[in-house]
1. Would you mind telling me which residue in 81, 57, 180 has the biggest mean-square fluctuation in a Gaussian network model of the chain, where springs connect alpha carbons within a distance under 10 angstrom?
2. Do you know the Lys pair count in the chain for C-alpha distances under 22 Å, with sequence separation 8 or more or different chains?
3. May I ask for the Rg/Rh ratio of the range 94-173, computed from Cα atoms with Rh as the Kirkwood radius, given to two decimals?
4. More than 20 Å apart: what percent of Cα pairs in the range 1-75 qualify?
5. Could you give the C-alpha radius of gyration of the range 49-105 expressed as a fraction of 2.2 N^0.38 Å, taking N as the number of residues it contains?
6. Give me the log10 of I(q) over I(0) for the range 135-209 at q = 0.11, 0.16, 0.26 Å⁻¹, as the Debye formula computes it from C-alpha points; what are the numbers?
7. Which residue, 19, 188, 141, tops the fluctuation ranking in a GNM of the chain built on C-alpha contacts under 10 Å?
8. Among 22, 37, 186, which one moves the most in a GNM of the chain with springs linking Cα atoms closer than 10 Å?
Amino acid sequence: METFKYKVAGSVFAAEPLFERVLLQMKDYRVPGDTPVDFNVKTTPEDIEFERLMVARVDEAEGNEVTSYPDDYLETIAFLRAVSLNLLDRGAVLIHGSAVAVDGMGYIFTAKSGTGKSTHARLWRELLGERAVMVNDDKPFLRFGEKITCCGSPWQGKHDLGNNIEVPLKAICVIEQGERDHIRKVEFSEVMNVLLQQVYIPRSEEHTSELQS
């Protein structure tokens, strides 16, 4: 399969997937073929089997029936893992959350799956109209430099909502379900554990439900 180049969170990589699904997913992030690359991503059948094992472990840990996914879908997860690992070395980290830009500033809503991140982002878009633009509904990147920016990525969640944009980060909101709506500023120590659970941190033996959720 032909090699194409893509730019995510400020870094350019050459992609050599086994299936076309990866290329279709990343089409909005493609850059000209003569663009210098920072790294290469090439998947193998072993990578796909690794992701199949990871999905099975997550299902078993959560007490669910093991889901059978097609190889081309599992390759999209393998590509996400490989890109995330390489971007870590280049000052960007994957966060599991729903990111929206309002007046050019980024806001990320993060929490465990099913808490209401996407719902909250949708309400902001409905209430704020054209002032609000979706950055990524599932897996944006945080890029660290002179300032922290919120970056779109091709991995946009089940609703496929997002844009290839990068905006300064204004705030991260940790969502919890409750009986009434309210918001308050918290100390980092209060949400540190939650944030660490929602960012991709490679381990000696990978087992991160965030990549599959």
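Throughout, read-outs are computed from the coordinates displayed, never taken from laboratory work. The shown structure was predicted, so the numbers you read here are calculated from the model rather than taken from an experiment. In this analysis, Cβ positions are derived from the backbone assuming ideal geometry, glycine residues included, and neighbour counts consider all displayed protein chains.
1. 180
2. 26
3. On the way: Rg = 11.1 Å, Rh = 12.0 Å.
Rounded to two decimals, Rg over Rh is 0.93.
4. Values: 1158 of 2775 pairs.
The share of Cα pairs beyond 20 Å in the range 1-75 comes to 42 percent.
5. For the range 49-105, the normalised Cα radius of gyration comes out at 1.47.
6. Each listed q corresponds, in turn, to -0.37, -0.80, -1.28.
7. With Cα springs under 10 Å in the chain, the top fluctuation among 19, 188, 141 is at 188.
8. It is 186.
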